[in-house]
């Protein structure tokens, strides 16, 4: 970490019109993300934790403009992403990629794994031939721990952990600088999740990646985060150095979250 | 318990012997493919078509003073005196199951939204759970019992909640509604299959506390299936760890978590993230397919402590201490 800011967001806001939810108090709009700003420093892992409905996934998708913010700005690579469109936006997006939570829903079941992993190349590097694309895809798949024969197979032939690896290979094939991981291990068994977390850490060093890591799980985040932001009702209520926040949280909500984690007794 | 597959018969549940006493909580731990869910479905008579079950599952009758046991084993019949009204769950007919299921053994699942009927008010669903076993009950009594069940499940303002639909309730409240439905007819055993996995951690804590309270007050036997060892530490008196269909370790929860004797249990603990930043050590490899199990110990290919005799035969479950047993040659 060298203190350089890779991404800066200011005033990000997103609200949705509400319909028919009688037990929620408040007006006709539900504010998912309420004027959130953040810096992401090169080389760090910024974790955003919160419970369901806090807005963390909406925020993550807004950073990539998978969801259009109602307001705010996102400075990345010297440009405000929210002011770009068309080819310029496409170019800017090469530098940021996402890994999704659901290994079953995030891969097109009708595409072979090789095609899935090579697809970003097909879009962004049109000069490459199909063979060249597949070579790059093969190398990436091997790097994430899958064998070459994965290229010709379909997603349903793989386990959850393997599909997550495929998603990671796809995210990294363009060599992005920033990877946003939205609950990448939540749907995985304990031992598989540990493998994927370790892989993500190795790849971070090897590829020089910066992570924004979304999770509801404080123990998972404790293993991987440089800084942690605690989110609630669309806002950050606490943000700071990971170890510091875990050991000496300043906000009551953070303390409550930590206290609620069922701990395995220390041996 | 065996299932037919294209590659032949597989045994998702293999020589599983367990006991749960009244008011006791047994944690059943395993990852995908361990057989833990199949085992629980076998106890509810909800196995897929074509499944074959061997062994016994004794649900002790009311006449027995204190001990309500579920014992399921693959092998010759049990030794021991039988008390009068015990039932063998593996031999029940569908008609007999209708009496046992829901009334003597109940189950709650991970996703309450898929277990609850989205077009029926919550109160009606709790009532339905009661009237299924007591068809002659009066409407007034039914309503009263349903509200009482909801209150017992710590569903605040039960009269108001009873009029709501499931989508109007949060995840935690839905799970409480499920608990109310499950306990409405006074079962002696509750099977909970990952009931808090989909819930926020603060809500999980409340649900676990509720289950603890109910277990004590109602002398309810609780079979709690989870992959989370932290949850086991919170709620289980004893724990059984399953791998590839077999129990590989069992014993008092405190002891197994403090001094695991089976390499798989040790691996799970080392791979479980904690609030302290530490060394997370994955278990290399992956869970074997039931159609392609190794000849000896199922965990052997991934085990850092393996020896030559591990691949010869499946080890027996051996006592490691007074309160702990593990299926490993190293014991």
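Rule-based calculations on the coordinates, nothing more; no lab input. What you see is a predicted model, and the numbers here were worked out from it, not measured in a lab. Counting neighbours? That spans all protein chains shown, and the Cβs are built from the backbone with ideal geometry, glycine included.
Entry for chain B at q = 0.08, 0.10, 0.15 Å⁻¹: log10 I(q)/I(0) = -0.40, -0.62, -1.30, Debye formula applied to identical alpha-carbon scatterers, no solvent contribution. With respect to chain B, whose longest principal axis is taken over its alpha-carbon atoms, helix B:122-131 is tilted by about 80°. Across chain A, Cα pairs under 8 Å and at least six residues apart give a relative contact order of 25 percent. The angle between the Cα long axis of helix A:113-124 and the main principal axis of chain A comes to about 80°, on a 0 to 90 degree scale.
For the pair residue A:104 and residue A:34 in one chain, pulling the backbone fully straight at 0.36 nm per residue adds 22.1 nm over the alpha carbon distance. Here is how the number arises for chain B: DSSP H runs of 4 or more residues each give -39500 (n - 2.57), the sum is divided by the residue count, and the result at 222 nm is -8500 deg cm²/dmol.
Here the Debye sum runs over all C-alpha atoms of the range A:153-235 as equal scatterers in vacuum, and log10 of I(q)/I(0) at q = 0.11, 0.22 Å⁻¹ comes out as -0.31, -1.15. Rounded to two decimals, the Cα-based Rg/Rh of the range A:102-175, with Kirkwood Rh, is 0.93. Using the alpha-carbon positions of the range A:61-103, Rg (one decimal) and Dmax (whole number) come out as 10.8, 33 Å. Here, the range B:113-186 is characterised by an Rg to Rh ratio of 0.93, where Rg is the alpha-carbon radius of gyration and Rh the Kirkwood radius. Descending by average beta-carbon neighbour count within 10 Å, the peptides B:140-149, A:84-93, B:200-209, B:113-122 line up as B:200-209, B:140-149, B:113-122, A:84-93, the highest first. Distance distribution P(r), the protein assembly as shown, all Cα-Cα pairs, bin width 20 angstrom from 0: 18, 49, 30, 4, 0 percent.
In degrees from 0 to 90, rounded to the nearest 10, what is the angle of the helix B:171-183 Cα long axis to the longest principal axis of chain B? Taking Cα atoms only, the helix is inclined about 80 degrees. Kirkwood hydrodynamic radius (Cα pairs, Å) of chain A? It works out to 19.6 Å. Rounded to two decimals, the Cα radius of gyration of the range B:18-63 over 2.2 N^0.38 Å is 1.33.
Counting only other chain Cβ atoms within 10 Å of each residue's Cβ, the peptide B:278-286 averages 5. A Gaussian network model of chain B, with springs between Cα atoms under 10 Å, assigns the largest mean-square fluctuation among B:307, B:86, B:215 to B:307.
The Cα atoms of the range A:195-267 cover 38, 35, 19 Å along the three principal axes, with the biggest extent listed first. Summarising the label geometry, the points placed 7 Å from Cα in the beta-carbon direction at residue B:170 and residue B:7 lie 4.4 nm from one another.
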